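Below is one structure; the comments refer to it alone.
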């Protein structure tokens, strides 16, 4: 089975003709959401459905997509939160050694330089201030790690790990003071 990567997430229905406002999670939305492109939709419960792009357009900084399988607003409303996936094999190779696809980072072990395991990268969040690695920590709250070279000096996809050099306080358990 081909690995699939997240290229977008449905934020909400838009208008009455079944358009969906999509939070883009790909560097090439004009290629991923072209008319006729077939994507897989995955619900929060893990169910999947096949979706064919009928049309896509930009509106006020957000991508609006209409799928052949979503005929009207009523149907569109049921797709809020749907993850939109594409086959990873269709992604072009990245020539820059300092750039990665989100799916390459998800699941990597997050470790300190001395080998201490901090947790596992669950996802990459694309925020206006830059990318953040969401690191799940066993028995502790997740931590958001800015994905910049000063804090993540090494990414080794082959060894399935990222090395963290966190500034003071980044990995501190914010709930520790609550218990006292």
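The values are calculated or read from the model by the stated rules, or taken from the named source; none is laboratory data. Keep in mind that what you see is a predicted model, and the values were worked out from it rather than measured. Note: ideal-geometry Cβ built from the backbone for every residue, glycine included; neighbour counts use all protein chains shown.
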Given the criteria more than 15 Å from residue 22 (Cβ to Cβ) and touching a residue at least 24 places away in the same chain (Cβ under 8 Å), does residue 103 qualify? yes
Does any residue of the range 32-48 turn out to be touching a strand residue (DSSP E or B) at 6+ places or on another chain (Cβ under 6 Å), exposed (fewer than 14 other Cβ atoms within 10 Å of the Cβ) and assigned to a loop (DSSP other than H, G, I, E, B)? yes
Total residues in the range 126-157, condition at pLDDT below 90 and loosely packed, with under 12 Cβ neighbours inside 10 Å: 4
Can you tell me which of (1) over 21 Å from the mean Cα position of the chain (by Cα); (2) loosely packed, with under 13 Cβ neighbours inside 10 Å; (3) in a loop (DSSP other than H, G, I, E, B) is the one residue 70 doesn't meet? (2)
For residue 177, which of the numbered conditions (1) in a loop (DSSP other than H, G, I, E, B); (2) modelled with pLDDT of 95 or more fails to hold? (2)
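Would you be able to say whether some residue in the range 51-64 is in a loop (DSSP other than H, G, I, E, B) and either in the same structural domain as residue 128 (by TED's automatic domain parsing) or crowded, with 19+ Cβ neighbours inside 10 Å (or both)?
Here is the first cut: in the range 51-64, the ones in a loop (DSSP other than H, G, I, E, B) are 60-61.
In the following step, the residues that additionally are either in the same structural domain as residue 128 (by TED's automatic domain parsing) or crowded, with 19+ Cβ neighbours inside 10 Å (or both) were identified as none.
Checked against the condition, which is being in a loop (DSSP other than H, G, I, E, B) and either in the same structural domain as residue 128 (by TED's automatic domain parsing) or crowded, with 19+ Cβ neighbours inside 10 Å (or both), the range 51-64 yields no hits at all.
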